[in-house]
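Inspection log for the structure reproduced underneath, given as structure tokens.
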Amino acid sequence: MFGRTSVDLGLHRGFLRAFAAFYRDPVARLTLVITSLLLCYAGGAAMFYVHGIHFNEGGPAISPYLHWFIDSTVGFIGLTPAIAVLLPLTTRFVAGRPAWVFPVLLGGLFTVVTIPGPLVHDLFVARGTPLANLITHHFGDPSMVMPPPTPYSDLAKMTHQVIGGLPAYVLLSTVAYLLVRAIVGRWQRSS
């Protein structure tokens, strides 16, 4: 009664085959690497500014650069699989549409994926979590005076994520798109 039907299995196998076929292309793999690095590290810097500085949501007693790097690395690890799924889906959806649609749609979809990001951040790497305590112990300054964070509701933090993320992620998706096109164009001209 609750087992998978042959239609369910065929649908999953079809998706997995299409996914594997997409990433057989070296350009797709290059796109994944460049897009993930830009969205997670440059986008992480934008989100660090939005959450940590502009809205003063707080953080551990460590350098702001280390804070950004740790948050962005956790984001890179957690969000690269989502980007790996978004790239072929976006590519399939924009087929036959103007080129500008791809980075706009990708940035918009990535924004939607990251809406719960502040809540995940608070669970794993925010001030007082085991990881933050470990990093603060090894790399922090116990004498650093940390201003008290401004309290926000979960809904407000997720709203901050959308407001800051949408323009940042669309811009960075556009940069990634143009960078991949430039690299591929250079490869094609040299071969």
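Key figures for this structure:
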| item | result |
| --- | --- |
| Among residues of the stretch 56-67, those that are in contact (Cβ under 8 Å) with a residue 24 or more places away in the chain and crowded, with 19+ Cβ neighbours inside 10 Å, counted | 4 |
| Helices (runs of 4 or more DSSP H) contained entirely in the stretch 96-191, each with at least 2 residues that are of a type in the set (Ser, Thr, Tyr) | 154-190 |
| Odd one out for ALA45 among (1) within 16 Å of the chain's Cα centre (by Cα); (2) among the small types (Gly, Ala, Ser); (3) open to solvent by less than 20 Å² (accessible area, probe 1.4 Å) | (3) |
| Selected residue (criterion: most open to solvent (accessible area, probe 1.4 Å)) from residues of the stretch 179-191 that are within 16 Å of ALA99 (Cβ to Cβ) and free of Cβ contacts under 8 Å to residues at least 60 places away in the same chain | ARG181 |
| Helices (runs of 4 or more DSSP H) contained entirely in the stretch 1-73, each with at least 1 residues that are at pLDDT below 90 | 6-24 |
| Extreme residue, farthest from the chain's Cα centre (by Cα), among residues of the stretch 145-157 that are of a type in the set (A, V, I, L, M) and open to solvent by 70 Å² or more (accessible area, probe 1.4 Å) | VAL145 |
| Only listed residue being surrounded by fewer than 18 Cβ atoms within 10 Å (Cβ to Cβ), farther than 15 Å from GLY43 by Cβ and touching a residue at least 60 places away in the same chain (Cβ under 8 Å), chosen from PRO142, PRO130, PRO116 | PRO142 |
| Scan of the stretch 158-178 for residues that are surrounded by fewer than 16 Cβ atoms within 10 Å (Cβ to Cβ) and farther than 13 Å from ALA42 by Cβ, ordered by number | THR159, VAL162, ILE163, LEU178 |
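The values are calculated or read from the model by the stated rules, or taken from the named source; none is laboratory data. Remember, it's a predicted structure, so these values are computed and weren't measured experimentally. Cβ coordinates were reconstructed from backbone atoms using ideal geometry, including for glycine residues, and neighbour counts include every protein chain displayed. Quick note on the areas: whole protein, heavy atoms, side chains included, nothing else; ligands and nucleic acids left out. Shrake-Rupley method; radii C 1.70, N 1.55, O 1.52, S 1.80 Å.
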